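Written out below as structure tokens is the structure these notes cover.
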Amino acid sequence: MFLRRKLTVSSVFLGSLLLTRTLPAQVPADLVLIHGHILTVDANDSVAEAIAVRHGVIVKVGTDAEVLEFAGNTPGIRIIDLQGHTATPGLIDTHAHIADGGVEELFGIKLSDAASVAEIVTRVKAKTALVKPGEWITGSGWDEGKLAEHRYVTAADLDAVAPNNPVWLVHTTGHYGVANSRALKLAHITARTADPIAVRLTATPTAIPPAS
């Protein structure tokens, strides 16, 4: 009698299973997923109904009937009914800055090819000639690892060329940036401002409805 286990989660991540590796036909599986949408991520991005696994290696991907042939009578085998949910290979990169792809188009100065702090400062100075005093100057893409000085851009660097405009330049990672003194003043940030409290966020899985 097969051990059947109903899933209550919306999707199954198959850890480090490699969809390109297979074992010889009819090797008994120890894990079978059926009645689902298996994203194979093969050359054709094909989607299967079921998958059979043994010792962490995929032995069969196909229809429920095809995969159940690999179930055999293996002691302790798990047959999981996905109930129409989706199973994917293990994810390598767990996050992406998708929105930033559009937001960065709104920044006025592109800095991804800047080779030095001096070059960044020069570009900011050139921008000040095109805007009115008090108008924001924004840019993105700088990377201290690519700069000749091998250091961060600082507020002092920007203050020297843009004392009358708030400046905000986002780092290439999108995780932080540099503001000049005018921008910091508008944000009510001074030398006495306490460091922000670090907050750890725990992601909650989002349900993926069965495909119609």
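Table for the structure above
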quantity: Of residues in region 95-118 being within 12 Å of Leu169 (Cβ to Cβ), within 25 Å of the chain's Cα centre (by Cα) and not in a loop (DSSP other than H, G, I, E, B), the one modelled with the lowest pLDDT; calculated: Glu104
quantity: Qualifying residue in region 44-58 (condition: part of a loop (DSSP other than H, G, I, E, B) and crowded, with 16+ Cβ neighbours inside 10 Å); calculated: yes
quantity: Count of residues meeting criterion [within 28 Å of Asp45 (Cβ to Cβ) and aliphatic (A, V, I, L, M)] in region 80-137; calculated: 8
quantity: When residues of region 64-75 are limited to those that are assigned to a loop (DSSP other than H, G, I, E, B) and surrounded by fewer than 13 Cβ atoms within 10 Å (Cβ to Cβ), the one nearest to the chain's Cα centre (by Cα); calculated: Pro75
quantity: Val178 vs. criteria more than 30 Å from Ile38 (Cα to Cα) and part of a strand (DSSP E or B); calculated: yes
quantity: Residue list for region 155-209, filter: at pLDDT below 95 and among the hydroxyl-bearing types (Ser, Thr, Tyr); calculated: Thr172, Thr173, Tyr176, Thr190, Thr193, Thr202, Thr204, Thr206
quantity: Selection status of Gly90, surrounded by fewer than 18 Cβ atoms within 10 Å (Cβ to Cβ) and modelled with pLDDT of 75 or more; calculated: yes
quantity: Residue list for region 128-143, restricted to those being closer than 21 Å to His97 by Cβ and exposed (fewer than 14 other Cβ atoms within 10 Å of the Cβ); calculated: Asp143
quantity: Count of residues meeting criterion [small (Gly, Ala, Ser), at pLDDT 50 or above and either surrounded by 10 or more Cβ atoms within 10 Å (Cβ to Cβ) or not assigned by TED's automatic domain parsing to the domain that holds Glu66 (or both)] in region 1-43; calculated: 2
quantity: Long-range neighbours under 7 Å by Cβ, at least six apart or interchain, first residue in the same structural domain as Glu119 (by TED's automatic domain parsing) within region 147-170, second of a type in the set (Ser, Thr, Tyr) and crowded, with 20+ Cβ neighbours inside 10 Å; calculated: Leu169/Ser140; Val170/Ser140
quantity: Test: residue in region 76-94 that is within 22 Å of Gly145 (Cα to Cα) and outside any loop (DSSP other than H, G, I, E, B); calculated: no
quantity: Which numbered condition Val61 misses (of (1) assigned to a strand (DSSP E or B); (2) free of Cβ contacts under 8 Å to residues at least 24 places away in the same chain); calculated: (2)
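The values are calculated or read from the model by the stated rules, or taken from the named source; none is laboratory data. Source: prediction; values computed, not measured. In this analysis, Cβ positions are derived from the backbone assuming ideal geometry, glycine residues included, and neighbour counts consider all displayed protein chains.
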